[in-house]
Amino acid sequence: MNQKRLVKHWPISLYILVHVLFAALLGRFYALAPDEPGYLYTFNNIYGSSNPNPQFNSGWLSSPKIFLWIVYSPAKILNLIGVSDILSLRILSILLSGLSMLLLMSMRQKLTNTNRNSQNLIFAFYFIPSIFLWTTLGLRESFIIVEITAFLVGFTLLMQEKNKRGYLLLFLGSFGLLSTKNYLWAVLMLATIICSAIVFLQNEYRRKVLETLAVGLMAPVILFSSVSSFSAWSFLINVNVTATGQRAGDSIIQVPVSSAGTGTGTGTGTGTGTGTGTGTGTGTGTVTLNGDMTLFLLHDYLINNPDSFVSKVLKFSRADAKIKQIWDEKIQLGLKSESQNAETDDLSLNGRSLKPGILSDPITLIWPAFMFLCGPIPLVGDQGIAASIASLESPLWWAFYAIVLFQFIRPRRVKILQDPTIFLGTIFLAGCIALSALAEVNLGTSFRHRSILLVPLIFIFLRMTQSAEGKKSSP
């Protein structure tokens, strides 16, 4: 029986194995995610540290400590038995994303002809390069992915009268997302309330709707209130999407540099003859780099870790020479400035700034929503190295969207309003897109946050496929 289960879930086993290998090879290389050290700092100081606020340097700022103690405990156990802190944190991230895949795969058990195809597509979607990366590193992405998965799958189980498991997943998904990224939780709850209201008015599943709101909304809020601090609630209540969209789109780094130069001169004296001489001098100053955190970290890593695996790969591919070339060009541009404080945005290695939409003017949401979904666009404009590499992935997302959209136009499609699970997934997906159009100000950050679309897209695809096959899992 165990052997059959292993064969059945071989994609997840392969997924975890490949990710752990990649995480180990990366070592302490943080240039791909500059905020990963902040999460590592929280992990190292959340248990028994004298630091009064170990969450300050990471995205866990408003999360209850008891929540972090519990969710980080598997990584802590690994660390205590000898696994390095960064690898322990990354393995936890990998296991959580693997759990989300397992939950989604459990939904396709009643599929007939498309059973194997749906499994292969889920597996393929999780190997989109950026998803592969974010779910390997010790960030919050894997937490968010598994929490959204738990809530949506729990809602589906509840609609199928599988109450106990549905209640558990609903509650854990909601409380986890509230503790991890509260504004995404707010979007999910808004989608749930809208879905519940429409379903309730249709006189269907009324008891299920009330149970969903009680277990998925009220209970997590009550628990969060009892275990979190006043400052956490204040942060949650005072979130301003408009103000978020007005923040600067580029990171700013001031790099101390020294400049050296030579000069020639002539001199005259009494009597006959002339004299010539040369002189050298040095000066120090700073060069401001806008939107170049990745470039700075790559350059710094190559200098300080010349014998690491990543450095050897960069040298073998000659990427190190290109990084040094761009770095020198930026520094020279700064040194040519009279103030030695030049902005060198034209050669940015990171993505360009984005202009978010305005809530009072819905038309302004169209372009930032398009860029969130489809950007960076390959071979368009002078994007810089990082954005150009990221743009190679964009066609994979376009194909992903096309596959999901195809389920809506199949001849035997299901009406969205008649299936609460599809309706909930669709509203949540639309809410995530709208929120990103209002808040994203940097193409690189937008590219990373697109990972939150993975679960609702797969979820909608699976539910629509089940409906198209005439083998609905919902009552």
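The values are calculated or read from the model by the stated rules, or taken from the named source; none is laboratory data. None of these values were measured; they are calculated from a predicted model. No Cβ is skipped: glycine too gets one built from the backbone with ideal geometry, and neighbour counts run over all protein chains shown.
Can you find a residue in the range 203-212 that is within 30 Å of Ala439 (Cα to Cα), in a helix (DSSP H, G or I) and at pLDDT 90 or above? Yes - at least one qualifying residue is present in the range 203-212. Quick one: Ile145 ticks every box in (1) in a helix (DSSP H, G or I); (2) touching a Gly at 6+ places or on another chain (Cβ under 9 Å) bar one, so which box is it? Among (1) in a helix (DSSP H, G or I); (2) touching a Gly at 6+ places or on another chain (Cβ under 9 Å), Ile145 violates only (2). Only one of Leu184, Leu137, Leu178, Leu170 is without any contact (Cβ under 8 Å) to a residue 60 or more places away in the chain and within 17 Å of the chain's Cα centre (by Cα); which? Sole residue among the options that is without any contact (Cβ under 8 Å) to a residue 60 or more places away in the chain and within 17 Å of the chain's Cα centre (by Cα): Leu178. Counting the residues of the range 187-202 that are assigned to a helix (DSSP H, G or I), more than 23 Å from Arg165 (Cβ to Cβ) and in contact (Cβ under 8 Å) with a residue 60 or more places away in the chain gives 4. Restricting attention to the range 62-73, which residues are part of a helix (DSSP H, G or I) and either surrounded by 14 or more Cβ atoms within 10 Å (Cβ to Cβ) or not assigned by TED's automatic domain parsing to the domain that holds Ile144 (or both)? Of everything in the range 62-73, those that are part of a helix (DSSP H, G or I) and either surrounded by 14 or more Cβ atoms within 10 Å (Cβ to Cβ) or not assigned by TED's automatic domain parsing to the domain that holds Ile144 (or both) turn out to be Lys65, Phe67, Leu68, Val71.
Sub-7 Å Cβ pairs linking a first residue in the range 36-47 that is touching a residue at least 60 places away in the same chain (Cβ under 8 Å) to a second residue that is of a type in the set (Ser, Thr, Tyr), at least 6 apart or interchain, are Glu36/Tyr30; Tyr39/Ser58; Phe43/Tyr72, ordered by first then second residue. Does Leu335 satisfy the condition of being surrounded by 13 or more Cβ atoms within 10 Å (Cβ to Cβ), of a type in the set (A, V, I, L, M, F, W, C) and either modelled with pLDDT of 80 or more or assigned to a helix (DSSP H, G or I) (or both)? It is true that Leu335 is surrounded by 13 or more Cβ atoms within 10 Å (Cβ to Cβ), of a type in the set (A, V, I, L, M, F, W, C) and either modelled with pLDDT of 80 or more or assigned to a helix (DSSP H, G or I) (or both). Of all residues in the range 158-168, those satisfying the criterion of being surrounded by fewer than 24 Cβ atoms within 10 Å (Cβ to Cβ) and in a helix (DSSP H, G or I) are Met159, Asn163, Lys164, Arg165, Gly166, Tyr167, Leu168. Scanning the range 458-469 for residues that are assigned to a helix (DSSP H, G or I) and farther than 16 Å from Phe132 by Cβ yields Phe459, Ile460, Phe461, Leu462, Arg463, Met464, Thr465, Gln466, Ser467, Ala468.
Step by step: first the residues of the range 437-446, then only those that are crowded, with 23+ Cβ neighbours inside 10 Å and of a type outside the set (Gly, Ala, Ser), then the one that is nearest to Ala387 (Cα to Cα). Which residue is that? Filtering first and then ranking leaves Leu443. I'd like to know if the range 293-300 contains one or more residues that are modelled with pLDDT under 75 and not in a helix (DSSP H, G or I). The answer is no; no qualifying residue exists. Of all residues in the range 8-35, those that are in contact with a Phe, Trp or Tyr (Cβ under 9 Å, 6 or more places away or on another chain) and free of Cβ contacts under 8 Å to residues at least 40 places away in the same chain total 2. Being at pLDDT 95 or above, surrounded by fewer than 23 Cβ atoms within 10 Å (Cβ to Cβ) and closer than 30 Å to Tyr39 by Cβ is true for just one of Phe175, Phe171. Which residue is that? The conditions single out Phe171. For the range 52-74, a residue qualifies if it is of a type in the set (Gly, Ala, Ser) and either touching a residue at least 60 places away in the same chain (Cβ under 8 Å) or closer than 21 Å to Val221 by Cα (or both), and the qualifying residues are Gly59, Ser62, Ser63.
Looking at Gly48, Gly59, Gly82, which is the one that is over 30 Å from Gln160 (Cα atoms), surrounded by 15 or more Cβ atoms within 10 Å (Cβ to Cβ) and either modelled with pLDDT of 95 or more or not assigned by TED's automatic domain parsing to the domain that holds Ile389 (or both)? Gly59 is the lone residue from the list that is over 30 Å from Gln160 (Cα atoms), surrounded by 15 or more Cβ atoms within 10 Å (Cβ to Cβ) and either modelled with pLDDT of 95 or more or not assigned by TED's automatic domain parsing to the domain that holds Ile389 (or both).
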